[in-house]
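Below is one structure, written out as structure tokens; the observations come after it.
The values are calculated or read from the model by the stated rules, or taken from the named source; none is laboratory data. Everything numeric in this text was worked out from a predicted model, so none of it was measured. Counting neighbours? That spans all protein chains shown, and the Cβs are built from the backbone with ideal geometry, glycine included.
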Amino acid sequence: MNVKQYVQDLDLSDGDKHRGKCPECNRSNTFTATNNAGKLLWNCYANSCKIAGVTNIHMSVDEIRKRMKEFKIDKDINTINVKLPEVFVMPEYLVPYTAYDGNSNDALIYEFCDGYGLWAADLDLYYDIKEDRIVFSVQDNGAIVDAVGRALDDSVVPKWKRYGTYAEGFIRGQHQLAIVVEDVISACVVETLGATGVAILGTSLNANHVQALRNFKRVIVALDPDAAAKTIEYTKILKANNVQAIALKLLDDIKYRKDEDILFLTNTIKDFNGTFPHKEFIK
């Protein structure tokens, strides 16, 4: 029995719960399944049955609209002063990445980017020789104002490191449609799809983010699947501050390029550009 498919076939709407016979051990009324903001969770409570799992599914337009209506904004972003940028000096131990020419460090950076379908030479990258990190430069009008490093060794903690305090986040691309994502790699992937990728580089929206996002004709908030509540929060804050924002619930982090998500985003971008009759905007 494919339990994941069984749960998906229950076709639970956001907030729905199911309790009944376990498809694995066949015990009565021990199996539960719940749809919580596009995350399907299931479990059998029988001691002899170890069935449990979780998977992400898309939320419908109506489900996201309902969540947005229920979500209460507990702060007024307009009361927060815009933070002026501080002077940023690139540390000496961050060396520029030029191109893959056989150098071992350059090879690591090239391979890391290639794993996400990115061309390293196009990304204004550096290498942290002290901590073995690939470093993405954060730029404002061509000037480097911050940098964000990601450990090349997945066992290193912390995985991500900020070298400055620039408040507007990481913006990659020059398109009029911006997609807000969790991290800089996802932002770079967004650019390859034909939109501007924006990673806020923090845990909450600030006035600088809002000010920067006002420069776009439309903003899509598409955070990781386990951040559905934050996706809705950000969208409501942006809309309350006169940003043309919508929310999208994806199945996986954009940087992993899940086929369904990439198709969904590509069609959405085409719809924005007037080249595809897509109707899944959540306004």
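General remarks:
- Unmet criterion (only one of (1) in a loop (DSSP other than H, G, I, E, B); (2) over 22 Å from Ala37 (Cα atoms)) for Ser204: (2)
- Within region 9-48, the residues that satisfy the criterion of being of a type outside the set (S, T, N, Q) and outside any loop (DSSP other than H, G, I, E, B) are Asp9, Lys17, His18, Arg19, Gly20, Phe31, Ala33, Lys39, Leu40, Leu41, Trp42, Cys44.
- Here Arg133 does not fit the description of being surrounded by 19 or more Cβ atoms within 10 Å (Cβ to Cβ), within 19 Å of the chain's Cα centre (by Cα) and free of Cβ contacts under 8 Å to residues at least 60 places away in the same chain.
- Leu238 being under 17 Å from Gln176 (Cβ atoms) and modelled with pLDDT of 90 or more: yes
- Close contacts from region 230-246, counting a first residue that is in a helix (DSSP H, G or I) and buried (at least 23 other Cβ atoms within 10 Å of the Cβ) and a second that is charged (D, E, K, R) and at pLDDT below 90, with Cβ to Cβ under 8 Å and a gap of 6+ residues or different chains, come to Thr231/Lys249; Ile232/Arg67.
- Every pair of residues 6+ apart whose Cβ atoms lie under 9 Å, when the first sits in region 19-34 and is in the same structural domain as Ile51 (by TED's automatic domain parsing) while the second is acidic (Asp, Glu): Phe31/Glu24; Ala33/Asp16; Thr34/Asp16
- Checked against the criterion of being closer than 30 Å to Leu41 by Cα and among the acidic types (Asp, Glu), region 189-196 has no qualifying residue.
- Filtered residues of region 261-283 (kept if outside any helix (DSSP H, G or I), modelled with pLDDT of 50 or more and not hydroxyl-bearing (Ser, Thr, Tyr)): Asn273, Gly274
- Qualifying residue in region 242-262 (condition: touching a Ser or Thr at 6+ places or on another chain (Cβ under 8 Å), on the phi < 0 side of the Ramachandran plot and small (Gly, Ala, Ser)): yes
- Search result, residues across region 207-218 that are under 14 Å from Asn241 (Cβ atoms) and part of a strand (DSSP E or B): none
- Scan of region 249-270 for residues that are surrounded by fewer than 18 Cβ atoms within 10 Å (Cβ to Cβ) and over 19 Å from Gly115 (Cβ atoms), ordered by number: Leu251, Glu260, Leu263, Thr266, Asn267, Lys270
- With respect to (1) assigned to a loop (DSSP other than H, G, I, E, B); (2) in contact with a Lys or Arg (Cβ under 6 Å, 6 or more places away or on another chain); (3) under 21 Å from Ser137 (Cβ atoms), the lone exception for Val156 is condition (2).
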